[in-house]
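J.: What follows is a single structure, and I will ask about it in a moment.
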Amino acid sequence: MGKLVIVGTVAFDAIETPFGKTDKILGGAATFIGLAASQFKVDSTVVSVVGGDFPQEYLDLLSDRNIDISGIEIVKDGKTFFWSGKYHNDMNSRDTLVTELNTLADFNPIVPDTYKDAEVVMLGNLHPSVQMSVLNQMDKKPKLVVLDTMNFWMDSALDELLETIKHIDVITINDEEARQLTGEYSLVVAARKIHEMGPKYVVIKKGEHGALLFHDDNIFYAPALPLEEVFDPTGAGDTFAGGFSGFLARTNNFSFENMKQAVIYGSALASFCVEKFGTQRMVNLKADEVKKRLKQFQDLTQFEIKLT
Ligand code: AMP
């Protein structure tokens, strides 16, 4: 089993969906990634920053799941990153209403010494220079570096993002963002262009339409599980990334074949995330529920066909 370094936001989110509205609740890319990866019982750390307004019980929630939190800086007189979003009726698209960087604005990440030899680094969504700084602190080149990002950083820090992308192995990005990054509508062409920017593997997430994994000329597709009720999609992409990187850290095998499995694990975990508001579903998720859902994925996609 390998060690996993996770960097990303630990945040307050306020969410509005057709089903309801929340006040500030626990959110953040690194929170969702950490919770998903904890399903694999990997040795992980979260590198992030919060303000003095961040409740201790939220930090405990992470450490109770054996996530090392010594890399979460607490700025006593600062405020925690805050994001607010509103989903459209189709639940597949959303508008960002507020992004307050707060303590994130001048955050200098510090990777705990005991994790500088980690095999896997998951660069969750935040400023690409912070992602790069985490990578630069590693003692040796990690076996796998995965990066997730979003349109916010393409709009505000594109040069830094393009620089960071040169140094990673896998990018996870949604379809709209892949199109924005490359200016290409076809996701196949977009993936090829992203390959040329650096990453050997490109994962394009398509919300309720599943995820595509590209490597050279190979493409693998994993559907999303058709669910009766999608309550809140927030964090689904990060949960996918946490499942993907957590599984790869657990198995310490970075072949294309194993990455296909990682995509399935990521998709299965993301299918739970959307069932309740915020982190609620992930916090209470049990291993046997995950196992059952993996079986559903298998039944959904396996078929035999006679090719004559
Ligand atoms: P997802 O739904 O997977 O795209 O991720 C939603 C999470 O990303 C929320 O919990 C937010 O706190 C966090 N988030 C939103 N905007 C940003 C941003 N610009 N940088 C980092 N994290 C963000």
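J.: Applying the selection to the stretch 154-189, what residues are among the charged types (D, E, K, R), open to solvent by less than 70 Å² (accessible area, probe 1.4 Å) and either modelled with pLDDT under 95 or within 15 Å of residue 205 (Cα to Cα) (or both)?
T.: 175, 177, 179 - these are the residues of the stretch 154-189 that are among the charged types (D, E, K, R), open to solvent by less than 70 Å² (accessible area, probe 1.4 Å) and either modelled with pLDDT under 95 or within 15 Å of residue 205 (Cα to Cα) (or both).
J.: Right, something else. Which helices (runs of 4 or more DSSP H) sit wholly inside the stretch 235-308 and have at least 1 residues that are buried (at least 20 other Cβ atoms within 10 Å of the Cβ)?
T.: 236-251, 256-273, 280-283
J.: Right, here's the next one. In the stretch 194-208, what count of residues is obtained for those that are without any contact (Cβ under 8 Å) to a residue 24 or more places away in the chain and surrounded by fewer than 16 Cβ atoms within 10 Å (Cβ to Cβ)?
T.: Residues in the stretch 194-208 being without any contact (Cβ under 8 Å) to a residue 24 or more places away in the chain and surrounded by fewer than 16 Cβ atoms within 10 Å (Cβ to Cβ): 1 in total.
J.: Which condition breaks for residue 40 when tested against (1) open to solvent by 10 Å² or more (accessible area, probe 1.4 Å); (2) within 12 Å of the ligand (Cβ to nearest atom); (3) among the hydrophobic types (A, V, I, L, M, F, W, C)?
T.: (2)
J.: Right, something else. How about the stretch 1-92: which strands (runs of 3 or more DSSP E) wholly inside it have at least 1 residues that are of a type in the set (Val, Ile, Thr)?
T.: Those strands (runs of 3 or more DSSP E) span 3-7, 11-17, 25-27, 43-51, 72-75.
J.: Further, regarding this structure: Of 232, 217, which residue is of a type in the set (Asp, Glu) and open to solvent by less than 10 Å² (accessible area, probe 1.4 Å)?
T.: Just a single option satisfies the conditions, and that option is 232.
Residues checked against (1) open to solvent by 20 Å² or more (accessible area, probe 1.4 Å); (2) under 21 Å from residue 243 (Cα atoms):
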{"position": "25", "(1), (2)": "yes, no"}
{"position": "36", "(1), (2)": "no, yes"}
{"position": "46", "(1), (2)": "no, yes"}
{"position": "58", "(1), (2)": "yes, yes"}
{"position": "80", "(1), (2)": "no, no"}
{"position": "92", "(1), (2)": "yes, yes"}
{"position": "97", "(1), (2)": "yes, no"}
{"position": "105", "(1), (2)": "yes, no"}
{"position": "113", "(1), (2)": "yes, no"}
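J.: For the stretch 7-24, which positions are more than 9 Å from the ligand (Cβ to nearest atom), touching a residue at least 60 places away in the same chain (Cβ under 8 Å), touching a strand residue (DSSP E or B) at 6+ places or on another chain (Cβ under 6 Å) and over 20 Å from residue 146 (Cβ atoms)?
T.: 14, 16, 17, 22 - these are the residues of the stretch 7-24 that are more than 9 Å from the ligand (Cβ to nearest atom), touching a residue at least 60 places away in the same chain (Cβ under 8 Å), touching a strand residue (DSSP E or B) at 6+ places or on another chain (Cβ under 6 Å) and over 20 Å from residue 146 (Cβ atoms).
J.: Would you confirm, using the coordinates I've provided, whether residue 45 is β-branched (Val, Ile, Thr) and within 15 Å of the ligand (Cβ to nearest atom)?
T.: It is false that residue 45 is β-branched (Val, Ile, Thr) and within 15 Å of the ligand (Cβ to nearest atom).
J.: Name the single residue that is farthest from the ligand (Cβ to nearest atom) among those in the stretch 62-102 being without any contact (Cβ under 8 Å) to a residue 24 or more places away in the chain and of a type in the set (Asp, Glu).
T.: Once the filter is applied, the top-ranked residue is 64.
J.: Search the stretch 210-231 for residues that are within 16 Å of residue 264 (Cα to Cα) and pair each with any residue that is open to solvent by 70 Å² or more (accessible area, probe 1.4 Å) and charged (D, E, K, R) when their beta-carbon atoms are under 6 Å apart and the residues are at least 6 apart or on different chains.
T.: 224/208
J.: Follow-up question, since we're still on this one. Output yes when any residue across the stretch 207-224 is assigned to a helix (DSSP H, G or I) and within 20 Å of residue 2 (Cβ to Cβ), and no when none is.
T.: So far as the stretch 207-224 goes, no, none of its residues is assigned to a helix (DSSP H, G or I) and within 20 Å of residue 2 (Cβ to Cβ).
J.: For residue 212, state whether it is in contact with a Lys or Arg (Cβ under 8 Å, 6 or more places away or on another chain) and away from the ligand (no atom under 16 Å from the Cβ).
T.: yes
J.: Is it the case that some residue within the stretch 10-28 is of a type in the set (S, T, N, Q) and closer than 18 Å to residue 238 by Cα?
T.: For the stretch 10-28, residues of a type in the set (S, T, N, Q) and closer than 18 Å to residue 238 by Cα: absent.
J.: Restricting attention to the stretch 124-153, and to residues there that are in a helix (DSSP H, G or I) and open to solvent by less than 10 Å² (accessible area, probe 1.4 Å), which single residue is farthest from residue 36 (Cα to Cα)?
T.: So the residue we want is 128.
J.: Could you check residue 4 against (1) within 12 Å of the ligand (Cβ to nearest atom); (2) buried (at least 22 other Cβ atoms within 10 Å of the Cβ) and say which number it fails?
T.: The number of the failed condition is (1).
The values are calculated or read from the model by the stated rules, or taken from the named source; none is laboratory data. Owing to the predicted nature of the structure, the values given are computational and were not obtained by experimental measurement. Heads up, the Cβs are rebuilt from the backbone with ideal geometry, glycines too, and the neighbour counts pull from every protein chain shown. Calculation scope for accessible area: heavy atoms of the full protein, side chains included, ligands and nucleic acids excluded. Shrake-Rupley method; radii C 1.70, N 1.55, O 1.52, S 1.80 Å.
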